[in-house]
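For reference, the structure is listed below as structure tokens.
Please treat every number below as a calculation from the coordinates, not as lab data. The model shown is predicted, which means the values in this text are computed figures rather than measured ones. A quick note on method: Cβ atoms are made from the backbone with ideal geometry, for glycine too, and the neighbour counts reach across all protein chains shown.
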Amino acid sequence: MKFFVDTADIAEIRDLAATGLLDGVTTNPSLIHKSGRKFLEVIEEICGVVDGPVSAEVVALDHETMMKEAAVLRKIAPNVCIKVPLTIDGLKTCKALTDDGVMVNVTLCFSANQALLAAKAGASFISPFVGRHDDNGFDGMQLIEDIRLIYDNYAFDTEILVASVRHPIHVLDSAKIGADVMTAPPAVIKALFNHVLTDKGIAGFMSDWAKTGQSIL
Ligand code: E4P
């Protein structure tokens, strides 16, 4: 499973990229607002740090203006992935861009039928929002299972990008179901490294090593 980080914070992106675990980045208008940075500048900077897909979201709601915005965004770098909402205009834009060889991430997916439409429109990625689904009393991971089944039934190439990931269990379940990608905030990715027994083990080894009175260097 590929790991994308869901942030526009360049320091966090650099830090995670240094682990070698980072396969891509997702952003959205709220994350750009949170960063306090200029949209086009921050996307360009992220593309300079990460070789994989960097999702940059259009903000128009009509197809014609989405295409104009996409034309600006796709010029930034070859690894820019245009993010469009799961609407009729969004999917028209998806079809036009993917036919032209541009990566497209269809976002704000909350049903398996929507995911089916995105795949038929040629989406490179579909982003079902599991956390927001759970928040509203639905089962986010069941949605991922349903999409996996449908995409496998018809051998769609669209990658399932699990989004709105809130905790490590979402990551674990995504991997068990066979999602292609998950995108999570930096804190969730960093939490994956932690285990109380790892910390306890290190403390024990350090204590016994100190008693040997030796050093390696
Ligand atoms: C995905 O691309 C979105 O940016 C993101 O995962 C939304 O997550 P949220 O529900 O935590 O805002």
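Neighbours of T158 by Cβ distance under 13 Å: Lys/Arg scored +1, Asp/Glu scored -1, total -1.
Antiparallel DSSP bridges in region 45-125: what percent, to the nearest 5? Antiparallel: roughly 0 percent of the beta bridges in region 45-125. Using C-alpha pairs under 8 Å with a sequence gap of at least 6, the mean separation divided by the residue count of the chain gives a relative contact order of 17 percent. Modelled label positions at E145 and K95, each set 7 Å beyond Cα in the direction of Cβ, lie 3.3 nm from each other.
Residues in region 88-95 carry Karplus couplings, in order, of 4, 5, x, 6, 4, 5, 4, 4 Hz; the curve used is 6.51 cos²θ - 1.76 cosθ + 1.60 with θ = phi - 60°, and Gly or Pro positions show x.
Taking the number of Cβ atoms within 10 Å of each Cβ as an exposure proxy, the fewest-first ranking of S164, S111, S55, S30 is S30, S111, S164, S55. Per the Debye calculation on region 161-217 with a single equal scatterer at every Cα and no solvent contribution, log₁₀ I(q)/I(0) for q = 0.24, 0.27, 0.28, 0.29 Å⁻¹ amounts to -0.91, -1.04, -1.08, -1.11. Look at where the Cα atoms of region 51-102 and of region 110-174 average out, and the two centres are 20 Å apart. Hull volume per residue, based on the alpha-carbon atoms of the chain and their convex hull, is 150 Å³.
Of all DSSP-defined beta bridges confined to the chain, some 0% are antiparallel rather than parallel.
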